[in-house]
1. Using a 1.4 angstrom probe, figure out how much accessible area the chain has per residue, in square angstrom, rounded to the nearest whole.
2. How fast does the chain diffuse by Stokes-Einstein, in µm²/s, taking the Kirkwood radius from C-alpha pairs at 25 °C and 0.890 mPa s?
3. Please work out the FRET efficiency for the pair His75 and Ala18, using the Cβ-Cβ distance as r and a Förster radius of 22 Å; give the result to the nearest 0.05.
4. What's the angle, to the nearest 10 degrees (0 to 90), between helix 27-45's Cα axis and the longest principal axis of the chain?
5. With +1 assigned to the C-beta of every Lys and Arg and -1 to the C-beta of every Asp and Glu, and no other charges, what is the dipole magnitude of the chain about the Cα centre in debye, to the nearest 20?
6. Between 0 and 90 degrees, rounded to the nearest ten: what's the tilt of helix 52-75 against the longest Cα principal axis of the chain?
7. Trypsin sites (Lys or Arg not before Pro), restricted to the chain: which are DSSP loop and have at most 14 other Cβ atoms within 10 Å?
8. Based solely on its DSSP helices, what 222 nm [θ] is calculated for the chain when runs of n ≥ 4 H residues each add -39,500 (n - 2.57) and the sum is averaged over all residues, nearest 500 deg cm²/dmol?
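The values are calculated or read from the model by the stated rules, or taken from the named source; none is laboratory data. Bear in mind the structure is a predicted one, so any value in this text is a computation, not a measurement. Methodologically, a virtual Cβ is constructed for each residue, glycine included, from the backbone with ideal geometry; neighbour enumeration extends over all protein chains shown. Surface accessibility is based on the protein's heavy atoms, side chains included, excluding ligands, DNA and RNA. Shrake-Rupley method; radii C 1.70, N 1.55, O 1.52, S 1.80 Å.
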Amino acid sequence: MIASPSTLVPVPIPDRVAALIGSCLPLHVLQAEVDADCAAREVYRFRGPLCPEDRADREHALAALARANKVLAKHHPKLPVRPDC
């Protein structure tokens with residue numbers, strides 16, 4: 001029986017393997033991956049009723065995520081990061 005993608009358990013990747021994978025990607029794609037991950041975490045921080053300043057910060061993080069995701073999607077369609085991850 002093959003598990004569906006929703007039932008897979010994330011497994012940490014050793015640093016040496018991550019470095020090997022990263023060495024195969026262009027630098028601007030690696031930077032976009034870091035930017036997207038940071039922006040997604042920032043978006044996740046803003047939940048519930050938000051004051052105007054928090055709404056502006058959330059919109060700024062969403063814009064940064066969208067910019068990074070454009071670069072990631074151009075490189076490979078499955079690379080974009082979702083804010084709920």
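1. On a per-residue basis, 81 Å².
2. On the way: Rh = 14.6 Å.
This corresponds to a translational diffusion coefficient of 168 µm²/s.
3. 0.85
4. Its long axis makes an angle of about 50 degrees.
5. The dipole of the chain has a size of about 260 debye.
6. Taking Cα atoms only, the helix is inclined about 30 degrees.
7. Arg47, Lys78
8. Computed mean residue ellipticity for the chain: -20500 deg cm²/dmol.
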